[in-house]
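Trainee: Input: one structure, supplied below.
The values are calculated or read from the model by the stated rules, or taken from the named source; none is laboratory data. Quick caveat, the model's predicted, so the values are computed rather than measured. Neighbour counts run over all protein chains shown; Cβ positions are idealised from the backbone, glycine included. Side chains are part of the model used for accessible areas, which takes the heavy atoms of the whole protein and leaves out ligands, DNA and RNA. Shrake-Rupley method; radii C 1.70, N 1.55, O 1.52, S 1.80 Å.
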Amino acid sequence: RPTTQFNPNNRLKSLTVLDAGGKEFKITPTFDQTVYNYYLIVGNDVETVEIKATAVSKKASVFGAGKYTLNAGNNEIVIQVTAENGDIANYIINVVRE
């Protein structure tokens, strides 16, 4: 009897970081599906950021997107993508508030 094959794709199609006014910050390096660590330095006047993330597969789940209040110094934000088959990928954004 055939077995059900679940989609293993746990990659992001897009990842953006926005300020309170909706303006996009430039993360380093530029977003790529196969890169899992990103960095962003913002001024001390930036108190919140919003993370928007979209999975490649419609059957994958994305956790961790949304609004974050920033502390001074490094803020590690983890975006977790869970594929239909249960495989997990973590995309990490280190936002440094000066």
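Trainee: Restricting the search to the range 28-49, which residues are part of a strand (DSSP E or B) and open to solvent by 90 Å² or more (accessible area, probe 1.4 Å)?
Mentor: Correct list: Y39, I41.
Trainee: Scan the range 1-27 residue by residue and report those that are open to solvent by 70 Å² or more (accessible area, probe 1.4 Å), more than 12 Å from the chain's Cα centre (by Cα) and closer than 14 Å to D87 by Cβ.
Mentor: Listed by number, the residues that qualify are Q5, F6, P8.
Trainee: Pairs under 9 Å by beta carbon, first residue in contact (Cβ under 8 Å) with a residue 40 or more places away in the chain in the range 18-34, partner of a type outside the set (A, V, I, L, M), six or more apart or different chains?
Mentor: I27/T16; I27/Y38; I27/Y39
Trainee: Has the range 39-46 got any residue that is farther than 16 Å from N71 by Cα and among the aromatic types (F, W, Y)?
Mentor: For the range 39-46, residues farther than 16 Å from N71 by Cα and among the aromatic types (F, W, Y): absent.
Trainee: Which of the residues that make up the range 50-98 are touching a residue at least 40 places away in the same chain (Cβ under 8 Å) and outside any strand (DSSP E or B)?
Mentor: Correct list: V56, S57, K59, A60, A83, E84, N85, G86, D87, E98.
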